[in-house]
C-alpha cells in the first residue's frame with residue numbers, strides 16, 4: 001500500500017520536517033524567475049506577456065535556490081537522484097549549486113517542445129526548450145537502464161527529449177506533461193520507492209508517482225494549485241499491470257537519455 005502525503009506551505013520550511021536520507025527520487029520544477037522578463041507571446045490568438053504570477057518572481061533567486069537544493073540533498077538517499085527542471089534564467093544558478101554541494105552531475109536533459117507558442121517579437125528565437133539537471137550524491141545511484149532502452153525502442157536513450165508541452169489540463173502556467181514525468185519516474189525509481197516534488201504545482205509528479213506505485217510527498221504553497229493537485233492525485237488509480245502499459249507506449253519516440261558511469 002503506497003503512501004501519499006501532500007503538504008501545503010513554504011517548501012523551505014516544510015522540507016526541514018522530512019527525514020534525512022529518506023527520499024529515492026526528487027523532481028523539482030522551481031520558480032524560473034522568468035516573469036521578471038518582458039517577453040511577449042501569443043496565447044489563444046492574442047498577445048500576452050510571459051508573466052507566470054507572483055510565485056515566479058523572487059528577488060534573490062540564487063540564494064533561494066541554494067537553500068532548497070541543500071534541503072533536498074539532505075533528504076535524498078545516497079543512491080537517489082534529483083532531477084531539476086529550468087530554463088536559461090535559473091539553469092546556471094542550479095548548476096553552480098550542484099557543483100558546490102559536490103553532487104555527481106549525471107546529465108543535463110534538453111526537453112524540446114515542438115508545440116511551443118510563437119513570440120510576437122521579431123528579434124529573438126522562439127524559446128522551445130527546457131533543461132533538466134540530473135544529479136546524485138555519488139556514482140552509485142539507481143538508474144533503470146533496461147527501462148530506458150525499452151522506452152527508446154531498444155536503443156540507448158539520449159539526452160534530447162522531444163515531448164509536446166501540456167495543453168493546460170489545469171490552470172497552472174508551467175504544467176509538465178505526464179509523458180515527461182513517466183520517463184523520469186520509471187527510469188529513476190522502483191515500485192515502492194518514495195518520490196518528492198517540493199514545488200508540486202498542479203500535481204503531475206504525484207499523479208504519475210501514484211500511477212506507477214510509488215510513495216509520494218508533494219509540497220505546494222499556492223492554495224488553488226494545492227487543491228487542484230489533491231483532486232488530480234485522489235482521482236488517479238495505481239496501475240495493476242505495468243507490462244501491459246509499457247506495450248502501449250509508442251516505440252518511435254525521440255525521448256532518449258544517454259548514460260555512462
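The values are calculated or read from the model by the stated rules, or taken from the named source; none is laboratory data. Everything numeric in this text was worked out from a predicted model, so none of it was measured. Ideal geometry is used to build each Cβ from the backbone, glycine not excepted, and the neighbour counts take in all protein chains shown.
A compact table of results
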quantity: Every residue from the stretch 11-20 that is loosely packed, with under 13 Cβ neighbours inside 10 Å and assigned to a loop (DSSP other than H, G, I, E, B); calculated: 19, 20
quantity: Test result for residue 195, assigned to a strand (DSSP E or B), buried (at least 24 other Cβ atoms within 10 Å of the Cβ) and in contact (Cβ under 8 Å) with a residue 40 or more places away in the chain; calculated: yes
quantity: Residue within the stretch 66-88 that is within 16 Å of the chain's Cα centre (by Cα), modelled with pLDDT under 95, assigned to a loop (DSSP other than H, G, I, E, B) and over 22 Å from residue 194 (Cβ atoms) present; calculated: yes
quantity: Scan of the stretch 145-162 for residues that are surrounded by 16 or more Cβ atoms within 10 Å (Cβ to Cβ), in a loop (DSSP other than H, G, I, E, B) and modelled with pLDDT of 95 or more, ordered by number; calculated: 157, 158, 159
